[in-house]
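Structure first, commentary second.
The values are calculated or read from the model by the stated rules, or taken from the named source; none is laboratory data. Predicted, not measured: the structure shown is a model, and the values here were computed from it. Note that we place each Cβ from the backbone using ideal geometry, even for glycine, and neighbour counts take in every protein chain shown. Heads up: the accessible areas ignore ligands, DNA and RNA and are worked out on the full protein's heavy atoms, side chains in. Shrake-Rupley method; radii C 1.70, N 1.55, O 1.52, S 1.80 Å.
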Amino acid sequence: MNEVFAELAGKFPALKFLKIEAENFPDISESFEIAAVPTFILLKAGKMVERIEGAKAAELSNAVTKHAKGVLNKFSALPQENAKPVKDLTARLKALVNSAPVMIFIKGTPQQPRCGFSRQLVDLLAEQKVKYSSFNILADEDVRQGLKAYSDWPTYPQVYIDGELIGGLDIVKEMVASGEFADAIPKEKDLDSRLQELIEKQSVMIFIKGSPQEPKCGFSRQLISLLNDRHVKYGYFDILSDDEVRQGLKTYVNWPTFPMLFYKGELLGGLDIIKEMIESGEFDQVLTA
């Protein structure tokens with residue numbers, strides 16, 4: 001259901017999607033009388049309008065679509081000044097294609113491919129024992145259309161190695177047959193080395209759910225807003241794009257939750273810590289030291 005939830009969040013950007021662990025928030029769980037996991041609560045104007053218990057993907061999708069209609073109509077009537085600038089999209093695409101040594105853009109997820117070509121690519125990479133990260137283009141129409149122009153490649157799936165487009169399924173098949181593909185795959189770094197490299201990618205580095213343009217959780221959204229308000233330049237990594245990084249980073253820095261903010265390779269903390277540092281003036285002191 002995680003993939004369904006993420007896809008709906010990408011499909012309906014005008015809505016707010018929030019996922020919590022019921023055990024970590026007993027007061028909220030009790031107030032909504034959570035008795036089964038997963039449980040999906042749809043709120044409108046602060047009131048519950050629908051409740052879905054269990055992994056019922058079709059029912060959840062139908063409910064979100066039904067209750068989103070009024071919001072989407074209002075959203076579509078807004079001035080086009082809210083449209084994403086091309087420059088911002090280009091920067092996002094560049095960050096995505098460079099977010100892992102091997103990055104694939106497919107329809108669906110590796111666990112649930114949504115087209116035969118994507119399924120063949122996933123199977124082929126599994127046969128070759130290639131580690132990769134993926135992006136579901138069905139969850140983000142801006143990326144789906146923008147990447148075609150960015151890469152000058154009209155179809156999906158697309159495969160990138162070290163930020164460079166290799167091609168689609170047919171090209172990868174040819175490279176595998178000739179032995180060229182194995183030679184093109186970067187030598188695998190151990191996870192700790194990769195994590196440290198990501199942490200030190202920029203002076204201020206944040207690990208969030210989603211992107212600065214489209215955060216996929218309220219805590220990530222708040223952190224981005226705080227940094228933007230203070231005109232802080234930062235790099236980011238979308239932990240939803242790589243579960244190995246997502247889980248490994250928690251252990252590597254002994255910090256259990258996201259978002260995380262690093263400065264010059266050192267963990268400052270999560271959202272609450274950054275808020276406290278800003279209120280005390282310590283955050284500005286650290287960044288200007």
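One table, with the values for the structure above:
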read-out: Exposed-site-free run, longest, the chain (rule: GluC sites (Glu not before Pro); DSSP loop; at most 15 other C-beta within 10 Å); value: 34-187
read-out: Gap separating the Cα centres of the stretch 130-171 and the stretch 209-283, nearest whole Å; value: 26
read-out: Dipole in debye (nearest 20) - the stretch 142-289, about Cα centre, beta carbon charges: Lys, Arg +1; Asp, Glu -1; value: 380
read-out: Residue-normalised accessible area of the chain, given per residue in Å² at a 1.4 Å probe; value: 57
read-out: Computed [θ] at 222 nm, deg cm²/dmol, the chain (DSSP H ≥ 4; -39,500 (n - 2.57); rounded to nearest 500); value: -14000 deg cm²/dmol
read-out: Share, in percent, of DSSP beta bridges within the chain that are antiparallel, nearest 5; value: 75
read-out: Residue-wise HN-Hα coupling along the stretch 35-47, computed from phi with Karplus coefficients 6.51, -1.76, 1.60 (Hz; x: Gly, Pro); value: 10, 9, 10, x, 10, 10, 10, 9, 10, 9, 6, x, 10
read-out: Lys44 long-range amide H proximity, modeled H, under 5 Å; value: Val49
